[in-house]
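The values are calculated or read from the model by the stated rules, or taken from the named source; none is laboratory data. Because the structure is a prediction, the values reported are computed rather than measured. All Cβ positions, even for glycine, are placed from backbone atoms using ideal geometry, and neighbour counts span all protein chains on display. Ligands, DNA and RNA are stripped out before the accessible areas are found, and what is left, the full protein with its side chains, is counted by its heavy atoms. Shrake-Rupley method; radii C 1.70, N 1.55, O 1.52, S 1.80 Å.
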Amino acid sequence: MDVGIQTMWSAHGWEGLSDEQVYADELSLALQAEELGFDVVWAVEHHFFDYALCPDNIELLAYLAAKTSRIHVGTAAVILPWNDPLRVAERISLLDLLSGGRVRFGMGRGLSRREYAHFDGIGMDEARGRFDESSKIVVEALHTGFIESKGEYYDIPRTEIRPRPSRPWDGRLYAVAGSPDSVSACAAVKARMLLFGEKQWEARLPGLEQYRREYLDTWGEEAPGPLTVDLVVCDHDGDRAREVAERHLRSYLESILEHYEVMGTHFKDTAGYQQYAVGAEMLRDIGFETYAESFLAANAYGTPEQILEHFTTRKDVIGPYELAVSFRFGGISPEDANSSMQLFAREVLPELHAWG
């Protein structure tokens, strides 16, 4: 099983933490990942707010690639509507060359109205169309070395990407797929689904089944398993792990609700996000506490044995998958994040790798 570390670059939950310290704390974990045996370091793209301060994950991953020699580096994800597809293709191709083919390219369309508001001329109601158009343009450019488009949003004359992409991209493409439209867009570019653990995994089965059908219909082969992302607290004391996890997972969930306005009413009036309006109404009905219980159940915490049981149960539900885990979130102390990562690497990671 392939296991990466998901870096969040968050300031929410740590009172008075400077941006410099956010980066120092997150880098201290990311730079251990290769030595500890993880397969990938993943990085988000987020702007302007405490939720996450990583405005350029490609640049960040170039730094990490230069500091490492084996581990892959992955974008989880580049938010395509906020980025010129020509520049994305060029920069990903360059990063892949410099890293010796260690790049995994993940794409997303963005869910935060607060972030979209600061990108002049790019409305959130254009996100669906921009993502669908841009993802095909960029993926084709990485496969062929040429970018070209005459679409609704992007008019790009045929242009060669330099440095030229020199390695196959099959198996190294990912796309966030949290709605039926996004599932279709993911399958259309032969990407692997990227799923964050904000709800229990049984609830993911309709989307996974849709993805598998559409992938098979489009490409004539079975779809790969998804990449799932967990917030993790690992401790030999199960009671302590639960106490730390509940406190900081709740804090992180509060940041999700604030940043994405998950319970807001604006989704129903935003083109391409009506599916989220249904979810928002449901969340308003059930309330924070019930949502928090589901969120806690979706992520992994406890002793190494309990965490392995959690991941085994997920495999029984959704089938084979890749995994990315985050140890720093919601105000957790650097000491707890580091000890959790070290114990996970010693006692959980080898078992997951043995899954094949």
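General remarks:
- Selection status of G225, out of contact with any strand residue (DSSP E or B) (no Cβ under 7 Å at 6 or more places or on another chain), touching a residue at least 40 places away in the same chain (Cβ under 8 Å), within 26 Å of T75 (Cα to Cα) and not in a helix (DSSP H, G or I): no
- V78 meets each of the listed conditions (1) of a type in the set (V, I, T); (2) open to solvent by 20 Å² or more (accessible area, probe 1.4 Å); (3) in a strand (DSSP E or B) apart from (2).
- Candidate set from region 312-345 (those that are of a type outside the set (S, T, Y) and without any contact (Cβ under 8 Å) to a residue 60 or more places away in the chain); member that is least open to solvent (accessible area, probe 1.4 Å): K315
- Residues in region 133-154 that are within 23 Å of D96 (Cα to Cα), open to solvent by 40 Å² or more (accessible area, probe 1.4 Å) and among the charged types (D, E, K, R): K136, E140, E148.
- Each residue in region 166-191 was checked for being open to solvent by less than 40 Å² (accessible area, probe 1.4 Å) and assigned to a loop (DSSP other than H, G, I, E, B), and 7 pass.
- Tally of residues being in contact (Cβ under 8 Å) with a residue 40 or more places away in the chain and under 17 Å from E258 (Cα atoms) across region 285-304: 2
- When restricted to residues that are assigned to a loop (DSSP other than H, G, I, E, B) and closer than 27 Å to I256 by Cβ, region 42-75 contains 6.
- Checklist (1) modelled with pLDDT of 95 or more; (2) in contact with a helix residue (DSSP H, G or I) (Cβ under 8 Å, 6 or more places away or on another chain); (3) charged (D, E, K, R) applied to R87, failing item: (2)
- Neighbours by Cβ (under 8 Å, 6+ apart or cross-chain): first from region 82-109, within 20 Å of G171 (Cβ to Cβ) and open to solvent by 10 Å² or more (accessible area, probe 1.4 Å); second assigned to a loop (DSSP other than H, G, I, E, B) and among the hydrophobic types (A, V, I, L, M, F, W, C): R102/I71
A quick yes/no check of all residues on (1) at pLDDT 90 or above; (2) under 23 Å from A52 (Cα atoms):
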{"residue": "Y252", "(1), (2)": "yes, yes"}
{"residue": "Y273", "(1), (2)": "no, yes"}
{"residue": "T290", "(1), (2)": "no, no"}
{"residue": "P304", "(1), (2)": "yes, no"}
{"residue": "H310", "(1), (2)": "yes, no"}
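- Summed over region 192-216, residues that are in a helix (DSSP H, G or I), polar (S, T, N, Q) and open to solvent by 30 Å² or more (accessible area, probe 1.4 Å) total 0.
- Positions within region 217-244 being open to solvent by 10 Å² or more (accessible area, probe 1.4 Å), over 24 Å from E202 (Cβ atoms) and not aromatic (F, W, Y), in sequence order: D217, T218, G220, E221, D235, H236, D237, D239, R240, E243
- Scanning region 111-145 for residues that are within 17 Å of E90 (Cβ to Cβ) and hydrophobic (A, V, I, L, M, F, W, C) turns up I137, V138, V139, A141, L142.
- Residue selected from region 1-14 under the condition farther than 13 Å from C54 by Cβ and out of contact with any Gly (no Cβ under 8 Å at 6 or more places or on another chain), by the criterion surrounded by the most Cβ atoms within 10 Å (Cβ to Cβ): I5
- Counting residues in region 280-289 that are assigned to a helix (DSSP H, G or I), farther than 29 Å from D19 by Cα and touching a helix residue (DSSP H, G or I) at 6+ places or on another chain (Cβ under 6 Å) gives one or more.
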